[in-house]
Amino acid sequence: MRLTALALSAGLLVASQASAAATSATAELKGADGKTLGTATLTEAPHGVLLRIEAKGLTPGWHGLHFHEKGDCGAPDFKSAGAHVHTTTAVVHGLLNPDGNDNGDLPNLFAAADGSATAELFSPLVSLNGAGGRPALLDADGSSIVVHASPDDYKTQPIGGAGARVACGVVK
């Protein structure tokens, strides 16, 4: 009886920890040289994900920002992160595109003159664990957050003209 209670307690502890892990995640943003440029914190919300980014060392101005489909940020070009997170195979990019189905789309990130950027964004297009039928950022192959060199125009295919990938962080 005592062994059963101990096993049950251990199981509840593990379940409790797994449940807590499912409500938030982080990503360490790194540049092509491997240096840390900042962090992103993701929090599961009832109808999407709240994303908070704090970064430094970016080129001043606007930068495209997207959730990418794989949890792999192989430098120097971060192409291993794959395409944007999406639910269908015929992906149409763009928050301003009426046919858009690209769940990885996010608003642009602005870096100040000193290269620092801080933002809080909400995406109703994804979930950490697939809630509401939205793509899960913490699925079997993971996901990443990618900062691009140029702003996203929210229409042009396939990435809104956002250009090269300049920073990447694996969502964990």
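The values are calculated or read from the model by the stated rules, or taken from the named source; none is laboratory data. None of the values given here were measured: they were computed from a predicted structure. Methodologically, a virtual Cβ is constructed for each residue, glycine included, from the backbone with ideal geometry; neighbour enumeration extends over all protein chains shown.
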Subject >> Yes/no for Gly57 being of a type in the set (Gly, Ala, Ser), part of a loop (DSSP other than H, G, I, E, B), closer than 21 Å to Thr26 by Cα and over 17 Å from the mean Cα position of the chain (by Cα) >> reply: yes
Going by the structure shown, is Ile145 under 12 Å from Gly64 (Cα atoms) and either of a type in the set (Ser, Thr, Tyr) or part of a loop (DSSP other than H, G, I, E, B) (or both)? no
ask   = surrounded by 19 or more Cβ atoms within 10 Å (Cβ to Cβ), modelled with pLDDT of 95 or more, closer than 22 Å to Ser116 by Cα and aliphatic (A, V, I, L, M), is that true of Leu50?
value = no
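Can you confirm whether Ser127 is in contact with a Lys or Arg (Cβ under 6 Å, 6 or more places away or on another chain) and among the hydroxyl-bearing types (Ser, Thr, Tyr)?
Numbers: in contact with a Lys or Arg (Cβ under 6 Å, 6 or more places away or on another chain): yes; among the hydroxyl-bearing types (Ser, Thr, Tyr): yes.
Yes; evaluated as a whole, the condition is true for this residue.
Inside the range 128-159, can you point out the residues that are under 18 Å from His47 (Cβ atoms) and among the basic types (Lys, Arg)? Lay out the reasoning, then the answer.
Residues of the range 128-159 under 18 Å from His47 (Cβ atoms): 128-138.
Within the range 128-159, just Arg134 meets the criteria.
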For the range 153-165 the number of residues that are within 23 Å of Glu54 (Cβ to Cβ), surrounded by fewer than 23 Cβ atoms within 10 Å (Cβ to Cβ) and among the charged types (D, E, K, R) is 0
Within the range 101-139, the residues that are assigned to a strand (DSSP E or B) and either out of contact with any Asp or Glu (no Cβ under 8 Å at 6 or more places or on another chain) or buried (at least 16 other Cβ atoms within 10 Å of the Cβ) (or both) are Asp105, Leu109, Phe110, Ala111, Ala117, Ala119, Glu120, Leu121, Phe122, Ser123, Ser127, Ala136
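From the residues in the range 140-152 that are surrounded by 16 or more Cβ atoms within 10 Å (Cβ to Cβ) and not aliphatic (A, V, I, L, M), which one is nearest to the chain's Cα centre (by Cα)?
Residues of the range 140-152 that are surrounded by 16 or more Cβ atoms within 10 Å (Cβ to Cβ), as a first pass: 142-148, 150-152.
Within this subset, residues satisfying the condition of being not aliphatic (A, V, I, L, M) are 142-144, 148, 150-152.
Numbers: Gly142: 10, Ser143: 6, Ser144: 5, His148: 13, Ser150: 18, Pro151: 17, Asp152: 16 Å.
Among those residues, the one meeting the criterion is Ser144.
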